[in-house]
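The structure appears right after this line, and notes come after that.
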Amino acid sequence: MTQAGLDHFERLYSASDDPWRVRESWYEQRKRALILAALPLKHYRNAYEPGCGNGELSAALAQRCARLLASDASPAAVALTEKRLSGPGEASVEQHVLPRDWPAPERGPFDLIVVSELAYYLGQDGFDQLQSRILASLAPEGTLVFCHWRHPFDDRLQGTEALHDAMTALPALAHALHHRETDFLLDIWTRAPGEAA
Ligand SMILES: C[S@@+](CC[C@H](N)C(=O)[O-])C[C@H]1O[C@@H](n2cnc3c(N)ncnc32)[C@H](O)[C@@H]1O
């Protein structure tokens, strides 16, 4: 991400600690509940949630994961998520600009990776790298979640349908769930049997 891109998110977080109203809006609350209900397993061992924003989904994921690593490009978002996750538990938050700062292989493999309202900010090269990083760190039978708003907006560099279709086309992933609404897509894949990292 360019510094200009990073500044954009910093400005949003300096104006509000909840720029997308993820805490208050029923739309966001319901979408979060759908994501959590759609996860095939009750508990995960080692999860990664890049682009965690202010940590609202992270807080719920932390209840289901023995270990959760959340990250965001924005230092302000990292601070908000740290505050949100301040209870006991194995959750940590780091500043990662994706795809560059994807966690090193020894931090994985991850049996859960959640990409929510993030991938459309990446250009094609960035998204291609993100795909490779995901495939390199998703555990055997691991769960991958993508959830993205479907409508046009200024910062969008990729269409939601194209992003989700690109993941579905990967032979290493088996499609486990497709949920399509007027406003968003929610897809879940698992690492296909025999398709090692
Ligand atoms: C719309 S918010 C989504 C937050 C949360 N995942 C959710 O679904 O509510 C997008 C977040 O992605 C972060 N972000 C955007 N581009 C990023 C990148 N290249 N690397 C890491 N984080 C990024 C922004 O700072 C912002 O916090």
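The values are calculated or read from the model by the stated rules, or taken from the named source; none is laboratory data. Remember, predicted model here, so these are calculated numbers, not experimental data. Glycine also receives a Cβ, built like all others from the backbone with ideal geometry; neighbour counts cover every protein chain displayed. We work out accessible area using only protein heavy atoms, side chains counted, and drop any ligands, DNA or RNA first. Shrake-Rupley method; radii C 1.70, N 1.55, O 1.52, S 1.80 Å.
See the values below:
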item: Accessible surface ranking that places the most exposed of Asp128, Asp165, Asp18 first, with a 1.4 angstrom probe; result: Asp165, Asp128, Asp18
item: Portion, in percent, of the accessible area of the chain that falls on carbon or sulfur, probe 1.4 Å; result: 53
item: Where the Cα pairs of the range 3-191 fall when distances are cut into 10 Å bins, in %; result: 9, 39, 42, 10, 0
item: Most mobile of Tyr121, Tyr48, Tyr27 in a GNM of the chain (Cα contacts under 10 Å); result: Tyr27
item: Of the GluC sites (Glu not before Pro) in the range 159-197, those whose Cβ has at most 16 other Cβ within 10 Å and which sit in DSSP loop; result: Glu181, Glu195
item: Environment charge at Phe153 (Cβ cut-off 13 Å; Lys +1, Arg +1, Asp -1, Glu -1); result: -2
item: Unit charges on C-beta of K, R, D, E only; dipole of the chain, Debye; result: 540
item: Heavy atoms of Lys83 accessible to a 1.4 Å probe, total area in Å² rounded to 10; result: 150
item: Of all DSSP beta bridges in the range 3-191, antiparallel share, percent nearest 5; result: 45
item: Å² per residue, accessible surface of the range 26-66 at 1.4 Å; result: 44
item: Ellipticity estimate at 222 nm from DSSP helix runs (n ≥ 4, -39,500 (n - 2.57)) divided over the chain, nearest 500; result: -10000 deg cm²/dmol
item: Cβ-defined net charge surrounding Ala66, 13 Å radius [Lys, Arg +1; Asp, Glu -1]; result: +2
item: Cα gyration tensor, the range 79-174 - rounded (a/c under 1.5), prolate or oblate; result: oblate
item: Neighbourhood net charge (15 Å Cβ-Cβ; Lys/Arg +1, Asp/Glu -1) for Gln129; result: -1
item: For the range 129-180 and the range 1-67, distance of Cα centres in Å; result: 16
item: Loop-located GluC sites (Glu not before Pro) in the range 58-144, at most 15 other Cβ atoms within 10 Å (DSSP); result: Glu90
